[in-house]
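Worksheet for the structure shown next.
The values are calculated or read from the model by the stated rules, or taken from the named source; none is laboratory data. Computed from a predicted model, the values in this text were never measured in an experiment. Here the Cβ positions follow ideal geometry from the backbone for every residue, glycine too, while neighbour counts run over all protein chains shown.
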Amino acid sequence: MSPDVARACKELARLQQGVISRTQALSCGISPDAIDRLVRSGRWQLIHRGVYFVSGGNPTRDSLLWAALRRAGPGAALCLETAADLHGFADRPSRLIHIAIPRERRVSPMSGVAIHRSNRLREATHPSLLPPRTRLEETVLDLVGKATNYEAALGLACCVCQRGLTTVPLVVAAMSKRARLRWRNELATALSDIGTGVHSVLEYRYLHRVERPHGLPTAVRQAKVDANGRNRYLDNLYGAYGLCVELDGLQAHPDEQRWQDMRRVNSIIEAGTTVLRYGWIDIDRHACETALQVGSVMGRLGWLGTLLPCGPACAVATRRAD
């Protein structure tokens with residue numbers, strides 16, 4: 001192998017985390033016999049048919065991603081959970097490597113790899129990120145299509161917007177390009193709420209099960225306030241009445257953050273704001289009782305409005321009857 005050929009192969013493999021395909025190696029000028037000798041000698045490790053790991057040691061996760069892409073052929077892109085992991089919003093790396101290929105292509109099965117076919121892969125693939133993957137918004141919508149229920153789908157949209165990975169207009173634009181999409185109307189409604197600061201499924205539930213159905217004033221979501229010289233962000237602030245409603249979901253407040261969260265709330269109270277805190281059960285199973293309590297406290301703080309019952313069995317209606 002000439003120095004120029006070796007240099008070209010090394011540079012290409014470096015860009016692909018130590019991976020090179022047989023086709024790429026041949027295009028660099030290596031002969032088929034030379035490739036076979038490298039494999040037999042153990043200097044190159046066969047990962048998939050016609051795809052090799054040419055660096056020392058064992059292939060990394062990133063190397064395996066590139067190997068699956070090279071085996072899948074030109075235009076292939078990582079998708080679904082694998083793309084979500086690379087974009088930074090997956091809960092954990094997927095056991096399988098998910099790859100999308102053009103619908104007309106056929107690829108032999110690969111161990112540990114799930115193949116998906118797409119009619120619009122070129123449009124859905126990010127134009128510059130490596131390894132190739134579907135755009136973040138496309139990835140979100142692909143996962144929405146796989147979600148087992150609407151709230152799981154909503155959680156995805158909340159997650160990426162809360163983390164600042166994308167924006168509501170970009171997700172809406174991606175939705176408009178799809179002829180089919182599960183929960184399109186529901187998600188479109190939810191995205192408008194996310195655009196006003198709803199950052200979690202629990203906050204969405206509070207809005208749609210507590211605040212709106214019972215005629216409470218509209219809170220400012222993720223309100224920025226100064227508490228003892230530090231900026232704090234409140235889930236729901238009714239500023240005219242000095243009332244904050246904080247929502248403690250496990251997703252938003254995992255155990256390791258609870259002490260910081262407690263200090264944050266205490267500083268808000270110290271600054272003169274009344275704070276009510278609710279969890280999943282309060283919003284999911286006792287939404288009407290929660291609305292009654294929020295309305296009662298708000299009334300003592302100067303709200304002159306009237307709570308509305310959300311139905312005949314609502315706790316607000318029962319209280320009126322009493």
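A few points about this structure:
- Listed by position, the strands (runs of 3 or more DSSP E) contained in segment 1-54 that have at least 1 residues being without any contact (Cβ under 8 Å) to a residue 12 or more places away in the chain and not basic (Lys, Arg) are 45-48.
- The set of residues from segment 1-53 being β-branched (Val, Ile, Thr) and buried (at least 20 other Cβ atoms within 10 Å of the Cβ) comprises 19, 20, 30, 47, 51.
- Of the residues making up segment 268-296, those that are under 30 Å from the mean Cα position of the chain (by Cα) and of a type in the set (D, E, K, R) number 4.
- Qualifying position, being surrounded by 15 or more Cβ atoms within 10 Å (Cβ to Cβ), within 25 Å of residue 141 (Cα to Cα) and free of Cβ contacts under 8 Å to residues at least 24 places away in the same chain, among 124, 83, 68, 90: 90
- The listed residue being part of a helix (DSSP H, G or I), closer than 30 Å to residue 146 by Cβ and within 33 Å of the chain's Cα centre (by Cα), out of 81, 104: 81
- Each residue in segment 275-318 was checked for being of a type outside the set (A, V, I, L, M) and out of contact with any Pro (no Cβ under 9 Å at 6 or more places or on another chain), and 18 of them qualify.
- Meets criteria (within 16 Å of the chain's Cα centre (by Cα) and among the hydroxyl-bearing types (Ser, Thr, Tyr)) for residue 94: yes
- Residues of segment 152-177 that turn out to be of a type outside the set (A, V, I, L, M) and either in contact with an Asp or Glu (Cβ under 6 Å, 6 or more places away or on another chain) or buried (at least 16 other Cβ atoms within 10 Å of the Cβ) (or both), as a count: 6
- Of the helices (runs of 4 or more DSSP H) entirely within segment 139-223, those holding at least 2 residues that are assigned by TED's automatic domain parsing to the domain that holds residue 89, among the β-branched types (Val, Ile, Thr) and at pLDDT 95 or above occupy 168-176.
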